[in-house]
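The structure under discussion appears below in the form of structure tokens.
The values are calculated or read from the model by the stated rules, or taken from the named source; none is laboratory data. All values derive from a computational prediction rather than experimental measurement. Cβ coordinates were reconstructed from backbone atoms using ideal geometry, including for glycine residues, and neighbour counts include every protein chain displayed. What goes into the accessible areas is simple: the full protein's heavy atoms, side chains included, and nothing from ligands, DNA or RNA. Shrake-Rupley method; radii C 1.70, N 1.55, O 1.52, S 1.80 Å.
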Amino acid sequence: MKKGKVTGIGGVFFKTEDVNATKDWYQKHLGFNTDDWGCTFWWKDNDDKKASTQWSPFKKDTNHFLPSKKDFMVNYRVENLKELLEQLKTEGVTILGDVEEYSYGKFAWIVDLDGNKIELWEPIDEAFL
């Protein structure tokens, strides 16, 4: 049994020609409540705690998705990031860089079998309230 696991989608990030025009389009036509980062969707987890999923457009020339050549990156919410990374390492999964810690959670990056960069996030949702 895995000690760390994915608990949901933490965010969807994609490249676009014009970040502001894209945010404005989604706000106008689909009602997204956009801000500098995109749009945060709030929901409750199985324990009835507030949780969030982030939607964010990035500039077309961003390096944030490297080494992937794709125009998107998915962020997965995880529990026990440290334990999950230890398990993934033993399974031969490529881990990129070091864990980064912020007031709103811990982040790590891996590469899947298709070369997609995947962001793993152990969130602290209360930091956004």
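Which residues, taken from the stretch 58-72, are part of a loop (DSSP other than H, G, I, E, B) and either closer than 19 Å to Ile110 by Cα or of a type in the set (Asp, Glu) (or both)?
Asp61, Thr62, Asn63, His64, Phe65, Leu66, Pro67, Ser68, Lys69, Lys70, Asp71 - these are the residues of the stretch 58-72 that are part of a loop (DSSP other than H, G, I, E, B) and either closer than 19 Å to Ile110 by Cα or of a type in the set (Asp, Glu) (or both).
Here is a list of conditions, (1) in a strand (DSSP E or B); (2) closer than 28 Å to Thr16 by Cβ; (3) touching a Phe, Trp or Tyr at 6+ places or on another chain (Cβ under 8 Å), and Val99 meets all of them except one; can you say which number that is?
(2)
Hey, can you tell me all the residues within the stretch 25-57 that are farther than 14 Å from Glu126 by Cα, open to solvent by less than 90 Å² (accessible area, probe 1.4 Å) and not in a strand (DSSP E or B)?
Within the stretch 25-57, Tyr26, Gln27, Gly31, Phe32 qualify.
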